[in-house]
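S.K.: A single structure is presented below for examination.
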Amino acid sequence: MAEYIQGKYTLGAMTKVGDPRRKHEDRVYKGEVNRTGGEPVILGVVADGVGSADAGERGAQLAIDTVVGTIKNSQGDNIPDMIEHAIMSANKAVYEENQKNDADGLTTLTVAVIYKDRCFIGNVGDSRAYWIQGGKAGKLLQLTRDHSYYNMYGGVDPNSDEGNILVNAIGKKDDVYVDLGFYLKGDDQEQALRLGLNGLPLKEGDAIMLCSDGLIKTNPAGVRYATDNEIVEALRTEYETDMAAIKMVSAALGRRPDDNVSAVTIQNLSQHVIQEIATNKQREQRSRVIKQAVPVIGILSALVVVVALIGAINRYINPPIQILPTYTPYPTLSSPNNIFIGGQGGSIGRLTPFNGQSQELTSGIFSIADNTRIEITQSGASIGLADGSSLYTSAGTIFIFTKTQGGVEVLLETGSIMVRLNGVAPLSVKVADGFTSQVSGSIMGVQKAESGVYVDCYEGHCVISGGSVPPTILGAQISRYVLYSVGVANPFDDVFERCAYWKSAIGDNTVASLGITCESTPPTEPPTFTPAPYTGPTPTKKDRDNPAPIGTP
């Protein structure tokens with residue numbers, strides 16, 4: 001669900017380990033900063049740290065903390081001066097810590113401030129800031145200049161190792177060059193500075209994107225980890241908090257970058273722009289389905305006759321034997337902290353403990369702690385819990401897993417989850433704005449959609465609540481579509497359509513093994529009634545505003 005800052009801005013941030021052999025050294029920040037001596041500003045920051053031991057990680061975090069603290073205590077309307085002072089304070093803090101601890105922690109630092117609908121940038125290093133223009137063009141324009149040897153001094157091949165050496169970084173010296181320019185018209189520093197000091201007016205549909213170099217570097221084949229088109233499309237098809245940043249970082253991760261990847265997005269939206277983005281997303285989804293289907297249509301057409309002939313012969317020779325689907329139990333898990341991941345082989349996704357090391361997910365048993373983030377990137381997966389309960393996910397599902405005193409809680413960021421309970425304790429699935437669906441008894445499906453969430457109760461009973469939706473009990477074979485924006489839960493009683501969705505999301509065999517039957521005629525909903533007041537704990541949003549650090553400049 002989008003959270004609008006100053007009534008119009010949606011912010012996003014994502015930072016991931018591209019190469020698991022690397023340390024977590026990137027830091028990102030997004031948010032509105034209330035200043036003690038001036039009007040609030042919107043702030044986005046990317047810091048890409050480097051150093052032995054944990055020095056790069058500490059330097060990146062210290063730099064961001066110093067920038068945020070300095071801006072909170074700032075006064076007046078001179079935003080470029082404020083940014084320059086904040087970055088120079090960050091450099092002093094990191095440099096002094098390096099001297100004190102005999103450390104070598106350095107970091108890049110790219111800062112974007114939105115003040116009265118104008119964007120101002122401060123940059124040190126080779127992280128970048130981009131302006132993505134709204135409208136049909138959707139043009140991507142680089143605002144900053146990398147502080148490489150070639151760009152700063154020239155005289156060498158720009159593509160050589162020497163030409164790409166970083167010559168300006170936070171914590172390297174007791175002073176630092178803060179670049180406030182917008183390099184929209186070439187490398188002329190004076191012209192760039194004039195543009196930067198004036199600020200960039202942001203129109204409806206415009207966006208600012210900050211990133212570490214891991215997002216935009218090229219792989220050995222010369223292909224960018226995230227292309228211009230992918231960055232633009234992420235912003236043209238997503239408007240909810242964090243989703244555009246997640247999408248562009250995911251595009252880079254799909255090409256297995258050798259660095260770590262971070263992005264911060266600031267989108268200037270209106271209801272008209274949001275409607276355009278929603279339309280673009282629907283068009284993108286339809287296009288993806290068509291592209292996936294076209295290559296196999298010809299093959300399937302050619303096979304139809306052959307399959308039909310073989311089927312007829314087999315039915316004549318071997319009369320059909322009815323085989324009922326069976327539920328295959330997971331291996332016994334010796335610890336309540338263990339889960340079993342099942343998939344189609346190979347890499348299934350990634351598992352990232354809170355403030356911990358990300359690891360690749362394959363089929364097997366994993367030990368997890370609270371607030372563990374699980375990404376299913378392939379064709380879906382099944383997850384077995386210690387009490388015998390199961391979760392079935394669609395491809396592209398991302399959620400945070402937490403054990404509570406009352407059972408298990410899942411914070412669903414994107415995708416779909418089908419829950420099959422075997423234990424006594426209920427399981428809760430949370431989505432945006434504290435909205436919660438909870439199942440007791442047996443089976444529930446939750447699909448996070450563009451502007452709301454589908455909750456399908458297939459067995460036992462389910463309770464939905466949160467936001468302005470009062471606690472509502474669903475009986476078996478009852479569905480609801482909850483709209484975030486207006487806070488209502490609408491009946492959605494086409495069981496056949498919802499069942500068909502779950503067949504597509506988690507597979508026909510899985511749906512059948514759960515005993516779910518698809519009916520063409522929806523069942524009659526039982527009489528409605530007002531449930532007793534909800535006495536459980538108030539749903540709270542987990543603090544995920546400090547993602548794990550990554551990256552090196």
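S.K.: Run Ile170 past the list (1) buried (at least 18 other Cβ atoms within 10 Å of the Cβ); (2) out of contact with any helix residue (DSSP H, G or I) (no Cβ under 7 Å at 6 or more places or on another chain); (3) among the aliphatic types (A, V, I, L, M) and report the number of the one that doesn't hold.
M.R.: Ile170 satisfies every listed condition except (2).
S.K.: Let me ask something else about it. Report yes if Ser335 is modelled with pLDDT of 70 or more, at negative phi and not in a loop (DSSP other than H, G, I, E, B), otherwise no. I'd like the intermediate steps shown before the answer.
M.R.: Numbers: modelled with pLDDT of 70 or more: yes; at negative phi: yes; not in a loop (DSSP other than H, G, I, E, B): no.
When the stated conditions are applied, Ser335 does not pass them.
S.K.: Evaluate the following for Tyr115: is it touching a residue at least 12 places away in the same chain (Cβ under 8 Å), closer than 15 Å to Val176 by Cα, surrounded by fewer than 22 Cβ atoms within 10 Å (Cβ to Cβ) and among the aromatic types (Phe, Trp, Tyr)? Walk me through how you get there before you give the answer.
M.R.: Values: touching a residue at least 12 places away in the same chain (Cβ under 8 Å): yes; closer than 15 Å to Val176 by Cα: no; surrounded by fewer than 22 Cβ atoms within 10 Å (Cβ to Cβ): yes; among the aromatic types (Phe, Trp, Tyr): yes.
So Tyr115 does not fit the description; no.
S.K.: Further question: So if I check each of Gly69, Gly31, which one is assigned by TED's automatic domain parsing to the domain that holds Ala90, surrounded by fewer than 19 Cβ atoms within 10 Å (Cβ to Cβ) and on the phi > 0 side of the Ramachandran plot?
M.R.: Values: Gly69 fails: on the phi > 0 side of the Ramachandran plot.
Sole residue among the options that is assigned by TED's automatic domain parsing to the domain that holds Ala90, surrounded by fewer than 19 Cβ atoms within 10 Å (Cβ to Cβ) and on the phi > 0 side of the Ramachandran plot: Gly31.
S.K.: Looking at region 177-198, is at least one residue in contact with a Leu (Cβ under 6 Å, 6 or more places away or on another chain), surrounded by 15 or more Cβ atoms within 10 Å (Cβ to Cβ), farther than 30 Å from Thr279 by Cβ and of a type in the set (Gly, Ala, Ser)?
M.R.: Yes, there is a match, as at least one residue in region 177-198 is in contact with a Leu (Cβ under 6 Å, 6 or more places away or on another chain), surrounded by 15 or more Cβ atoms within 10 Å (Cβ to Cβ), farther than 30 Å from Thr279 by Cβ and of a type in the set (Gly, Ala, Ser).
S.K.: Is there any pair with a first residue in region 52-68 that is touching a residue at least 12 places away in the same chain (Cβ under 8 Å) and a second that is surrounded by fewer than 23 Cβ atoms within 10 Å (Cβ to Cβ) and part of a helix (DSSP H, G or I) whose Cβ atoms are under 6 Å apart and which are 6 or more apart or on different chains, and what are they?
M.R.: If the second residue must be surrounded by fewer than 23 Cβ atoms within 10 Å (Cβ to Cβ) and part of a helix (DSSP H, G or I), the pairs left are Leu62/Ala93; Thr66/Ser89; Thr66/Ala93.
S.K.: Among the residues of region 120-138, which ones are under 21 Å from Asp188 (Cβ atoms) and under 24 Å from the mean Cα position of the chain (by Cα)?
M.R.: Taking region 120-138 and keeping what is under 21 Å from Asp188 (Cβ atoms), we get 120-126, 128-131.
Across region 120-138, the qualifying residues are Asp126, Arg128, Ala129, Tyr130, Trp131.
S.K.: Here is a follow-up. Looking only at region 183-224, which residues are closer than 24 Å to Leu106 by Cα and in contact (Cβ under 8 Å) with a residue 60 or more places away in the chain? Walk me through it before giving the result.
M.R.: Within region 183-224, the subset closer than 24 Å to Leu106 by Cα is 209-218.
Answer for region 183-224, where residues must be closer than 24 Å to Leu106 by Cα and in contact (Cβ under 8 Å) with a residue 60 or more places away in the chain: Met209, Leu210, Cys211, Ser212, Asp213, Gly214, Ile216.
S.K.: Turning to a different aspect of this structure: Return the residue satisfying two criteria in turn: it lies in region 126-142 and is touching a helix residue (DSSP H, G or I) at 6+ places or on another chain (Cβ under 9 Å) and under 19 Å from Ala169 (Cβ atoms), and of such residues it is surrounded by the fewest Cβ atoms within 10 Å (Cβ to Cβ).
M.R.: Step by step, filter region 126-142, then rank; the result is Arg128.
S.K.: Identify the single condition in (1) under 30 Å from the mean Cα position of the chain (by Cα); (2) modelled with pLDDT of 75 or more that Ala512 does not satisfy, given that it satisfies every other one.
M.R.: Result: Ala512 fails condition (1) only.
S.K.: Hey, Met209 hits all of (1) within 28 Å of the chain's Cα centre (by Cα); (2) surrounded by fewer than 15 Cβ atoms within 10 Å (Cβ to Cβ); (3) under 25 Å from Val50 (Cα atoms) but one; which does it fall short on?
M.R.: (2)
S.K.: Let me ask something else about it. Any chance region 185-200 includes a residue that's in contact with a strand residue (DSSP E or B) (Cβ under 6 Å, 6 or more places away or on another chain), closer than 30 Å to Gly7 by Cβ and in the same structural domain as Pro80 (by TED's automatic domain parsing)? Can you show your working first?
M.R.: Keep residues of region 185-200 that are in contact with a strand residue (DSSP E or B) (Cβ under 6 Å, 6 or more places away or on another chain), which gives 199-200.
Of the ones still in play, those that are also closer than 30 Å to Gly7 by Cβ are 199-200.
Subsequent filtering for residues that are in the same structural domain as Pro80 (by TED's automatic domain parsing) retains 199-200.
Looking for residues that are in contact with a strand residue (DSSP E or B) (Cβ under 6 Å, 6 or more places away or on another chain), closer than 30 Å to Gly7 by Cβ and in the same structural domain as Pro80 (by TED's automatic domain parsing), one finds at least one in region 185-200, hence yes.
S.K.: I would also like to ask the following. Do we have any residue at all in region 274-286 that's at pLDDT 90 or above, under 18 Å from the mean Cα position of the chain (by Cα) and either among the hydrophobic types (A, V, I, L, M, F, W, C) or closer than 22 Å to Arg128 by Cα (or both)?
M.R.: Applying the first criterion (at pLDDT 90 or above) to region 274-286 yields none.
So far as region 274-286 goes, no, none of its residues is at pLDDT 90 or above, under 18 Å from the mean Cα position of the chain (by Cα) and either among the hydrophobic types (A, V, I, L, M, F, W, C) or closer than 22 Å to Arg128 by Cα (or both).
S.K.: Let me ask something additional. Among the residues of region 35-50, which ones are modelled with pLDDT under 95 and either among the polar types (S, T, N, Q) or surrounded by fewer than 22 Cβ atoms within 10 Å (Cβ to Cβ) (or both)?
M.R.: Thr36, Gly37, Gly38, Glu39, listed by residue number.
S.K.: Within region 143-161, how many residues turn out to be acidic (Asp, Glu) and surrounded by 12 or more Cβ atoms within 10 Å (Cβ to Cβ)?
M.R.: So the first thing to find is which residues in region 143-161 are acidic (Asp, Glu), and the list is 146, 157, 161.
Now narrow it down to the ones that are surrounded by 12 or more Cβ atoms within 10 Å (Cβ to Cβ): 146.
Qualifying residue count for the region: 1.
S.K.: Restricting attention to region 87-103, which residues are more than 14 Å from Gln61 (Cβ to Cβ), free of Cβ contacts under 8 Å to residues at least 60 places away in the same chain and part of a helix (DSSP H, G or I)?
M.R.: Listed by number, the residues that qualify are Ser89, Glu96, Gln99, Lys100, Asn101.
S.K.: Out of all the residues in region 466-487, which are aliphatic (A, V, I, L, M) and either assigned to a strand (DSSP E or B) or at pLDDT 70 or above (or both)?
M.R.: Kept after step one, since they are aliphatic (A, V, I, L, M), are these residues of region 466-487: 469, 473-474, 476, 478, 482-483, 486.
Across region 466-487, the qualifying residues are Val469, Ile473, Leu474, Ala476, Ile478, Val482, Leu483.
S.K.: Picking from Gly31, Gly7, Gly18, which residue would you name as being small (Gly, Ala, Ser) and touching a Phe, Trp or Tyr at 6+ places or on another chain (Cβ under 9 Å)? Step through it out loud before you land on a result.
M.R.: Values: Gly31 fails: touching a Phe, Trp or Tyr at 6+ places or on another chain (Cβ under 9 Å); Gly7 fails: touching a Phe, Trp or Tyr at 6+ places or on another chain (Cβ under 9 Å).
Exactly one residue qualifies, and that residue is Gly18.
The values are calculated or read from the model by the stated rules, or taken from the named source; none is laboratory data. As the structure is a prediction and not an experimental result, all values here were calculated from the model. Heads up, the Cβs are rebuilt from the backbone with ideal geometry, glycines too, and the neighbour counts pull from every protein chain shown.
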